[in-house]
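Okay, structure first, notes after.
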Amino acid sequence: MTTLAADREIEALMALHPKGFDLSLDRITRLLERLGNPQDLLPPVIHIAGTNGKGSCAAFSRALLEAAGHLVHVHTSPHLVNWAERYRLAAEGGGKLVDDETFAEAIARVAKANDGQKITVFEILTAVTFILFSEHPAEAAIIEVGLGGRFDATNVVARPAVSVIMPVSMDHEAYLGDRVELIAAEKAGIMKRGCPVVIGAQESETALQVLIETAERLECPTFVYGQDFLAFEENGRMVYQDEDGLMDLPPPRLPGRHQFANAAAAIAAVKAAGFEISHRAAEKAMTHVAWPGRMQKLMQGRLAELAPKGADIWLDGGHNPGAGVVVAEALAEQEEKNPRPLFLISGMINTKDQSGYFRAFKGLVRHVYTVPVSLSDAGVPNDELAIRATEAGLTAEPVSSVANALMLLRDTWDGPAPRILIGGSLYLAGAVLAENGTPPT
């Protein structure tokens, strides 16, 4: 966990540089040259882009490689509670979040090399990724794109072992374009000529076509979900299939049917990157994978204790209509197996399609409690968010906090133990994990 040293370094950077996105590779390229181009000294890189499922694919890829005995670095963003969550360094027995002293020293080195030049905080933190990953031994590095692909600061690795494009849908339109084919083209920007490409399950045929055409133009060996590999449920198990045959595996530990496709993309990616994955390693990975803040069950903690007795509490940071659909499907699946009344506690930020997110839950959720998002300046006021939920066909009321929503539900609900989803924002998910006393480790 980050403590004062790394936090102070990052706060100082935020005072000097913008913390948003300014999509360009010029600044990060200049900075990396001053640092000796550490991005060229990495172990084989699995580079992952997409609108939804990037983090899950990274988590599955890590689980697969570590189950096979490999040392793996992982870079993901954003973090939920602590900045250090973005950097998991390879270690025997499983990667560990970077320690504060190592993290602070790397930030200071990068900031010194930048020498006050105009840059974003995300670009500096991405340079920190390359410093850390090049200076600590590993056999693979999993790197998640921050935003988009083509101009994302991570897109400076010249020859990735594999580029992965997870499901593409509408999000970040202000940066990436207002049509799904434009967004797909931005994501496809991480493909490199001749380097393997894995294309995960796509809901849009238009996006899929853009991705395949780009890969063909760049002469990339290409593996497409539904054509070259796939996964399906059979007798409560997950069956993965590709040209090498079938693997009969336990269902992924991450809940939701969409995780079958995410797991399949990770298996295909790890294999395309040149690693052998035995049946035993794949089995272990499915049962050990972890991804905080994405359909995470809150079993205990300070907030969990405020809920109605016996409540089934889930936390998910998905924040766009596509994420709403897969979360709603996961909860509908649970409803089939174990019926419970479902309540939604939601906070969102103003760059997201709030009504689109809520529409996914129509007919599934009994009532919505809307709450402020305290960790973001862009949080939608809870009374306004309640209107968005109502417009989507749900009943909703604003409440001052997640804690108060849980207590209100506890004090007013007299039916069977409910199922509760807390969702709509990664900022909200991070705040909940911090307040609950269960930050990612």
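The values are calculated or read from the model by the stated rules, or taken from the named source; none is laboratory data. These figures come from a predicted structure and were not determined experimentally. Please note: Cβ atoms are built from the backbone with ideal geometry, for glycine as well, and neighbour counts cover all protein chains shown.
Per-structure values
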{"quantity": "Test for Ala429: is it crowded, with 22+ Cβ neighbours inside 10 Å, within 13 Å of Gly347 (Cβ to Cβ) and more than 27 Å from the chain's Cα centre (by Cα)", "calculated": "no"}
{"quantity": "Residue in region 93-106 that is aromatic (Phe, Trp, Tyr) and over 18 Å from the mean Cα position of the chain (by Cα) present", "calculated": "yes"}
{"quantity": "Residue in region 108-117 that is of a type in the set (A, V, I, L, M, F, W, C), farther than 20 Å from Val156 by Cα and without any contact (Cβ under 8 Å) to a residue 60 or more places away in the chain present", "calculated": "no"}
{"quantity": "Enumeration of residues in region 326-378 that are touching an Asp or Glu at 6+ places or on another chain (Cβ under 9 Å), of a type in the set (Phe, Trp, Tyr) and within 19 Å of Ser169 (Cα to Cα)", "calculated": "Phe358"}
{"quantity": "Region 216-241: number of residues that are closer than 26 Å to Glu329 by Cα and either loosely packed, with under 14 Cβ neighbours inside 10 Å or of a type outside the set (A, V, I, L, M, F, W, C) (or both)", "calculated": "12"}
{"quantity": "Residue in region 90-101 that is surrounded by fewer than 18 Cβ atoms within 10 Å (Cβ to Cβ), among the small types (Gly, Ala, Ser) and either within 19 Å of Ile143 (Cα to Cα) or modelled with pLDDT of 95 or more (or both) present", "calculated": "yes"}
{"quantity": "One residue from Leu249, Leu230, Leu254, Leu182 being among the aliphatic types (A, V, I, L, M), under 18 Å from Ser56 (Cα atoms) and out of contact with any strand residue (DSSP E or B) (no Cβ under 8 Å at 6 or more places or on another chain)", "calculated": "Leu254"}
{"quantity": "Residue in region 75-88 that is farther than 20 Å from Pro440 by Cα, crowded, with 20+ Cβ neighbours inside 10 Å and among the aliphatic types (A, V, I, L, M) present", "calculated": "no"}
{"quantity": "Residue match in region 257-276 (condition: touching a Phe, Trp or Tyr at 6+ places or on another chain (Cβ under 8 Å), of a type in the set (D, E, K, R) and surrounded by 16 or more Cβ atoms within 10 Å (Cβ to Cβ))", "calculated": "no"}
{"quantity": "Sole exception among (1) touching a strand residue (DSSP E or B) at 6+ places or on another chain (Cβ under 6 Å); (2) outside any helix (DSSP H, G or I); (3) not basic (Lys, Arg) for Ile119, by number", "calculated": "(1)"}
{"quantity": "Residue check for Met286: within 23 Å of Leu65 (Cα to Cα), modelled with pLDDT under 95 and of a type in the set (A, V, I, L, M)", "calculated": "no"}
{"quantity": "All positions within region 250-264 that are part of a helix (DSSP H, G or I) and out of contact with any Pro (no Cβ under 9 Å at 6 or more places or on another chain)", "calculated": "Ala264"}
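Listed here are the residues, each with its yes/no results for (1) modelled with pLDDT under 95; (2) in contact with a Cys (Cβ under 9 Å, 6 or more places away or on another chain); (3) of a type outside the set (Ser, Thr, Tyr); (4) surrounded by 22 or more Cβ atoms within 10 Å (Cβ to Cβ).
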site	(1), (2), (3), (4)
Phe130	no, no, yes, yes
Pro137	no, no, yes, no
Ile143	no, no, yes, yes
Gly146	yes, no, yes, yes
Phe151	yes, no, yes, no
Asn155	no, no, yes, yes
